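Working notes, structure below.
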Amino acid sequence: MTVIVVANPKGGVGKSTLATNLAGHFAANGEWVALADLDKQRSAHAWLSLRVDTLPKIEEWGVDVDAPAKPPKGLEKAVVDTPAGVHGNRLALALQLADKVIVPLQPSMFDILATQDFLTKLAKEKAVRKGAIQIGVVGMRVDARTRSADQLHRFVEGLDLPVLGYLRDTQNYVQLAAHGLTLWDVAKSRVEKDLEQWQPIIDWAGKK
C-alpha cells in the first residue's frame, strides 16, 4: 500500500482539493483507494458522503490521533488530508503513515514565507533524508508561465524539493466538489486542460 499525505500548515491553499482529486484518480483507475482525514472538521469525509454509489468507490479510512484505525486489508492506495496548522501528534502520525508527502503551495510571498519553516522541517526529517518519504510541491491557483510561478520554483529548488506541477485557478474544482465529484468523474472534454496539468502529479504519485 502507498500512503500519500497532503499537508501544509497554511490554511486555504487547496489541500482538500488535491487530496480528493488524487483519490478520485486512483479510484477511476480501478485501484482500491481510501481517503483519510486528520482534520477535526472532517471536510474530506463530508465530501465523500456526497458521492453517489455509481461513482468509482473511495473508502473512508478513520485515522484518529488517539486511536488510529488500520486501513482496510488489501488497500492499494491511501490519501491523507490534513488540517491547517498541522503540528505535534497529528503531524507525527501523518509522517508515520506517509510514503509520500505533497505540499500544495500558492505562489505568493506570504504563502511561501508561511510554509518555509514547514518545508525546511520536512526536509530535515530522518525518513525524508534516508529516502523513506518522498516530498513534492504543487503550485496551486497559478499559471506556470508567470513570474509568480518562477518565484515559487526558485524557492522550492533552494530546499532541494521538486515542483510536481501547477494547477490553475478554475471554478471546475469548486463546482465538482459540491457534488462529491472529481476531475475523473465527468466528461474529459469538460476538464481536459485540468487533466493535462495533473499528469505529472499522478505520474509522481504512482511511482514506487
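Here, each number is a calculation from the coordinates, and none is a lab measurement. The shown structure was predicted, so the numbers you read here are calculated from the model rather than taken from an experiment. Counting neighbours? That spans all protein chains shown, and the Cβs are built from the backbone with ideal geometry, glycine included.
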- Message: If I ask for residues that are touching a strand residue (DSSP E or B) at 6+ places or on another chain (Cβ under 8 Å) and over 14 Å from Leu48 (Cα atoms), which ones from region 19-30 would you list?
- Response: Phe26
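Of a type in the set (Asp, Glu) and either touching a helix residue (DSSP H, G or I) at 6+ places or on another chain (Cβ under 7 Å) or under 21 Å from Ala132 (Cβ atoms) (or both) - does that describe any residue in region 17-33?
To start, the set of residues in region 17-33 that are of a type in the set (Asp, Glu) comprises 31.
Narrowing the set further to residues that are either touching a helix residue (DSSP H, G or I) at 6+ places or on another chain (Cβ under 7 Å) or under 21 Å from Ala132 (Cβ atoms) (or both) leaves none.
Scanning region 17-33 turns up no residue that is of a type in the set (Asp, Glu) and either touching a helix residue (DSSP H, G or I) at 6+ places or on another chain (Cβ under 7 Å) or under 21 Å from Ala132 (Cβ atoms) (or both).
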- Which numbered condition Ile133 misses (of (1) in contact (Cβ under 8 Å) with a residue 24 or more places away in the chain; (2) surrounded by fewer than 17 Cβ atoms within 10 Å (Cβ to Cβ); (3) hydrophobic (A, V, I, L, M, F, W, C)): (2)
- Residues within region 140-175 that are within 23 Å of Lys10 (Cβ to Cβ), surrounded by fewer than 13 Cβ atoms within 10 Å (Cβ to Cβ) and of a type in the set (Lys, Arg), tallied: 2
- Query: What's the number of the condition Ser189 fails, among (1) touching a helix residue (DSSP H, G or I) at 6+ places or on another chain (Cβ under 7 Å); (2) more than 26 Å from Leu119 (Cβ to Cβ); (3) among the hydroxyl-bearing types (Ser, Thr, Tyr)?
  - Reply: (1)
- Message: When the residues of region 181-195 are narrowed to those that are over 16 Å from Pro56 (Cα atoms) and of a type outside the set (Asp, Glu), which ends up surrounded by the most Cβ atoms within 10 Å (Cβ to Cβ)?
- Response: Val191
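Given the criteria surrounded by fewer than 12 Cβ atoms within 10 Å (Cβ to Cβ), in contact (Cβ under 8 Å) with a residue 60 or more places away in the chain and over 16 Å from the mean Cα position of the chain (by Cα), does Ala178 qualify? Break it down into steps so the answer makes sense when it comes.
Values: surrounded by fewer than 12 Cβ atoms within 10 Å (Cβ to Cβ): yes; in contact (Cβ under 8 Å) with a residue 60 or more places away in the chain: yes; over 16 Å from the mean Cα position of the chain (by Cα): yes.
Criteria met by Ala178.
For region 183-201, how many residues are out of contact with any strand residue (DSSP E or B) (no Cβ under 9 Å at 6 or more places or on another chain), of a type outside the set (D, E, K, R) and touching a residue at least 40 places away in the same chain (Cβ under 8 Å)? Write out each step before concluding.
Residues of region 183-201 that are out of contact with any strand residue (DSSP E or B) (no Cβ under 9 Å at 6 or more places or on another chain), as a first pass: 183-193, 195-196.
So of that shortlist, the ones also of a type outside the set (D, E, K, R) come out as 183-184, 186-187, 189, 191, 195.
Imposing the further condition that a residue be touching a residue at least 40 places away in the same chain (Cβ under 8 Å) reduces the set to 183-184.
Selection size over region 183-201: 2.
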